[in-house]
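To start, the structure itself, in structure tokens.
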Amino acid sequence: MSTTTLTGLTAGTWTVDPTHSEVGFVARHLMVSKVRGAFTDVQGTVVVGEDLADSTAEVTIKTASVATGTPDRDAHLRSGDFFDVDTHPDMVFRSTSFDGSTLRGELTVKGITKPVTLDVDFLGVATDPWGNEKAAFEAEGEIDRTEWGLTWNANLEKGGVLVGEKVKIAIDLQLGKQA
């Protein structure tokens, strides 16, 4: 598939603009409500091929940057019960294929690598006031956190568990074209 399907996106190296990007997540809490959070330290490179199928992406997410708006919960997520940030400071995503709307790749968390699939929307290309070419994407998908060893939980008195196993991923990504 040619890059012409993503109007304005040109071949070359693009880097994640961390100040305009977010890797967010949503997990069930108490089986009925949702907890939202994000990772605030995201870095990466996307190499767009002349043929879109030849494109690659690699993104590193610092696990210690997890933020849910609740300091105690964030500290628990950073602990050995979840991300164990002292031992596993990074999560890494490496693409394996992209067809313009579906991004497939491998996500490594806590030393465990598993395949993931994300539905992608290309939002377009723009030039900022300083002459820098930018591109934007949104992506979403769902994973089972237990597949990556994120198994901590607590049983509830009336049944169910404190934290749901399914986690929705929501990504807003802005890229800057490298000269």
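Any read-out appearing in this document is the output of simple, stated calculations on the displayed coordinates, not a laboratory observation. Just so you know, these numbers come straight off a predicted model, no measurement behind them. As a convention, Cβ positions derive from the backbone with ideal geometry for all residues, glycine included, and neighbour counts pool all protein chains shown.
Can you tell me the FRET efficiency between residue 102 and residue 72 if r is taken as the Cβ-Cβ distance and R0 is 45 Å, rounded to the nearest 0.05?
Given R0 = 45 Å and the Cβ-Cβ separation, E is 0.75.
Got the relative contact order for region 3-177 handy, in percent, Cα pairs under 8 Å and 6 or more residues apart?
Details: 425 pairs, mean separation 44.9, N = 175.
Dividing the mean separation by the residue count of region 3-177 yields 26 percent.
Report the FRET efficiency, 1/(1 + (r/R0)^6), for residue 7 and residue 113, where r is their Cβ-Cβ distance and R0 is 35 Å, rounded to 0.05.
The value I calculate is 0.55.
Between 15, 70, 151, find the one with the highest GNM mean-square fluctuation for the chain; connect C-alpha pairs within less than 10 Å.
70
Taking a spot 7 Å from the Cα of residue 47 along the direction of its beta carbon, which residues of region 83-126 have an amide N less than 15 Å from it?
94-98
I need to check one value: relative contact order of region 48-133, counting alpha carbon pairs closer than 8 Å and at least 6 residues apart, in percent.
23 percent
Using the Cα centre of the chain as the reference point, and only Cβ charges (+1 on K/R, -1 on D/E), how large is the resulting charge dipole? Debye, rounded to the nearest 20. Intermediate results must be reported in sequence, preceding the final value.
Working: 16 positive and 27 negative charges, 104 e Å.
So the magnitude is around 500 debye.
Arrange the following residues from fewest to most other Cβ atoms within 10 Å of their Cβ: 95, 101.
So the ranking, lowest neighbour count to highest, is 101, 95.
Within the set of other residues whose C-beta is less than 10 Å from the C-beta of residue 68, count the net charge using Lys and Arg as +1 and Asp and Glu as -1.
0
Note the full-extension length gain between residue 128 and residue 166 as 0.36 nm times their separation in residues minus their Cα-Cα distance, in nm to one decimal. Mind showing how you got there, number by number?
Numbers: separation 38, 0.36 × 38 = 13.68 nm, distance 3.74 nm.
Value of the extension gain: 9.9 nm.
Would you mind calculating the gained length between residue 40 and residue 179 on full extension (0.36 nm times residue separation, minus the Cα-Cα distance), in nm to one decimal? All intermediate terms of the calculation are to be shown ahead of the outcome.
On the way: separation 139, 0.36 × 139 = 50.04 nm, distance 2.57 nm.
Full extension of this stretch gives 47.5 nm more.
Please list, or write none, the lysines whose alpha carbon is within less than 20 Å of the alpha carbon of residue 177, excluding same-chain residues fewer than 8 places away.
Result set, ordered by chain and number: 134.
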